1. Please go through the residue pairs 24/405; 180/356; 180/449 and name each one whose alpha carbons sit more than 31 Å apart in this structure.
2. Please report the spacing between the Cα centers of region 116-195 and region 349-401 in Å, no decimals.
3. Considering region 1-143, what Rg and Dmax in Å follow from its alpha-carbon atoms?
4. Where does each of 194, 42, 211 land when they are ranked from fewest to most other beta-carbon atoms within 10 angstrom?
5. Test of understanding: given the chain, find the longest segment containing no trypsin sites (Lys or Arg not before Pro) that are in a DSSP loop and have at most 10 other Cβ atoms within 10 Å.
6. With the Cα gyration tensor of region 176-293 giving a ≥ b ≥ c as the square roots of its eigenvalues, does the rule (a/c under 1.5 for rounded; else a/b larger than b/c for prolate; else oblate) give rounded, prolate or oblate?
7. Antiparallel DSSP bridges in region 240-353: what percent, to the nearest 5?
8. Among the listed pairs 107/299; 5/51; 204/392; 127/215; 54/299, give every one whose C-alpha distance is greater than 25 Å.
Amino acid sequence: MEALKNYHLSEGAKIISPSLPGEKSKILLDLQNNIEGSVVSYPKKMPIALKRAKGSIIEDVDGNQFIDFFGGCGVLNVGHSNEFVLDYVREQQEELVHALDFPTENKILLIQKILNNLPKEIRDDYKVSFGGPTGSDAVEAAIKLAKIKTGRDGIIAFSGGYHGMTSGALAVTSDTFFRKKITSLIPNVHFVPYSYCYRCPFNKNENNCDYDCVKHFEWILETGHSGITLPAAIILEPIQGEGGNIVPKNGFLERIVKIANKHGVLVIFDEIQSGFYRTGTFLEFMNSKAIPDIITFSKGFGGIGFPISGLIYRRDVEAWETAEHIGTFRANQVSIAAARGAFDFIEEHNIEEYTKNIGFYLMDKLNMLASDNPFIGEVRGRGLMIGIEFVKDRNTKVPFPEYLKSFRTECFKRGLLFEVGGHYNNVLRLVPPLITTKDIIDEAIAIMKVSIDVCSKEFTVKNLV
Ligand code: PMP
């Protein structure tokens, strides 16, 4: 779409420093190392200091330009510093920034926008509640609401699920790396397998799959000897993000929801990463027939990176007493204005349709790339939430994180940024701005092609040794 071209800093990558990081980046990276806490992570994998960004292009302090297929970790759905959204931001910040939870026209308009974008049949049954500014805050609130509503305190989460870093959110996040030294998270959380068909925990494949993961979940709720008391809620991502952009098998969500409903267990869909048109629909669950009780949202809702988060929940789940869940930074007015701007931009440019089409386009290109690369085990995804799983061998599916690490470095050197995740850090995760143009995609693919050639040469030799 021609109009989207105007929303990017330039048409593609441009590396002008003799090597990366450039001289100015080096200075800032060193200072950061010295004076900022050691938990800093992304610049250790992509060593640059940032200067400015527009759309899908980021510029570092040395003037190098990168294609950003990382999108601020799935946040920048309408692109960096989108001018259309900035107009809403500028106007709002002159008027009112902080309003606690008082009503403003700005906020009411956003709530109406959110509800109006839900499926027709259910939109009148739901409400919106804003919490602290991050995704983790929304997850904490969802867990709390489910516990208050049901009077039960257990939660069932799914392996590969990522829900945040605060105590409750971390407790339902499966990656033990984040929790190995923290033993006192919220109690009574249990994990069950997600529908990860490429690595089915029940050793099944496409031909003999009988939804064993669903049956296992059902068995847990139905047998008195699973050791797990009836939980307040289950929490899951309709497409897992950090877990490796894993799209569950068709029918998985519906089956899980049906079983939970049967037992009066609330269903929380974490749409923090998969939501806000990332997969071509407002929320990912709308691609299925599964209806959750509570939905968490954040990330892309802030338009161009303004922090905002909250819940969408069915009215009959309402169980809060006034002020039972409070917070200082609930629904910052500028973030709300940015969210409204992003909604309007998406409508005006039909980004819903565009995301579906450009997603197919990118997926096709990636499949072509994969067809002659023995180290790519699977390309999967929906819309612009795409994962590429790297393996040592397509038959054994032994994860190949070393290859991906080198591949990321090679792409970085040529001006392409992306995220890495998955159960074994072997999944390249693409969550670019939804406004990314075909030209930018073509260039990213060209960078990947050259980088794959370099890495494949290196690893074919190593693999043989
Ligand atoms: N849920 C999901 C699905 C996420 O992807 C994330 C962040 N990656 C979170 C929750 C936590 O959000 P935040 O980092 O803003 O706390």
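Every number here is computed from the coordinates shown, using simple stated rules; none is lab data. Keep in mind that this is a model prediction, so the values were computed, not measured. FYI the Cβ positions are ideal-geometry reconstructions off the backbone, even for glycines, and counts take in every protein chain you see.
1. Pairs exceeding 31 Å: 180/356; 180/449.
2. 28
3. My reading of the Cα-based Rg and Dmax gives 19.6, 58 Å.
4. Least crowded to most crowded, the residues run 42, 211, 194.
5. That gives 182-465 as the longest site-free run.
6. Verdict is rounded for region 176-293.
7. Roughly 60 percent of the DSSP beta bridges within region 240-353 come out antiparallel.
8. Where the Cα-Cα span goes over 25 Å, the pairs concerned are 127/215.
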